[in-house]
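The values are calculated or read from the model by the stated rules, or taken from the named source; none is laboratory data. Just so it is clear, the model here is predicted, and its values are computed rather than measured. Methodologically, a virtual Cβ is constructed for each residue, glycine included, from the backbone with ideal geometry; neighbour enumeration extends over all protein chains shown. For the accessible areas, the whole protein counts, side chains as well, though only heavy atoms, and no ligand, DNA or RNA atoms are used. Shrake-Rupley method; radii C 1.70, N 1.55, O 1.52, S 1.80 Å.
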Amino acid sequence: MAVDKKNLKRIYITHLEEDIIKSIAIMAGIDNRLAMKKYYMSKLCSQISNGEYGIEYMDHKYLANDLIENEPELFV
């Protein structure tokens, strides 16, 4: 059974987003549902979805921390 690159990347991005959301919840001290809402409202989510700057290959903890620091309006 062969897995094409497009499906493999989609699976990778899904797992990356899950890890980012878990990290946001821990770092911000909020529950996973709220962390998910904040992530999907963020610019980071759009950047990952669009494959901008190769950002989707960065560490999920770094990305979660970056989101909290650079999009503080989501955490007010």
Which whole-number value in Å² is the accessible area per residue of the chain, probe 1.4 Å? 71
For the chain, what is the calculated [θ] at 222 nm in deg cm²/dmol (nearest 500), taking -39500 (n - 2.57) for each run of four or more DSSP H residues and dividing by its residue count? -22000 deg cm²/dmol
Give me the count of lysine pairs in the chain whose alpha carbons sit under 16 angstrom apart, restricted to pairs 8 or more positions apart or on different chains. 4
I'd like the carbon and sulfur percentage of the solvent accessible area for the chain, probe radius 1.4 Å, heavy atoms only, ligands and nucleic acids excluded. 56
Please state the Cα pair-distance histogram of the chain with 5 angstrom bins from zero: what percent is in each bin? 3, 17, 28, 25, 13, 7, 4, 2, 1, 0
Taking the Cα centre of the chain as the origin and placing charges on Cβ (Lys, Arg +1; Asp, Glu -1), which of Ala64, Ser46, Ile13 is farthest toward the positive end of the dipole? Ile13
Most mobile listed residue (Asn65, Asn50, Asn32) in the chain, GNM with C-alpha springs under 10 Å: Asn50
Dipole magnitude of the chain, debye to nearest 20 (Cβ charges: Lys/Arg +1, Asp/Glu -1, about Cα centre): 280
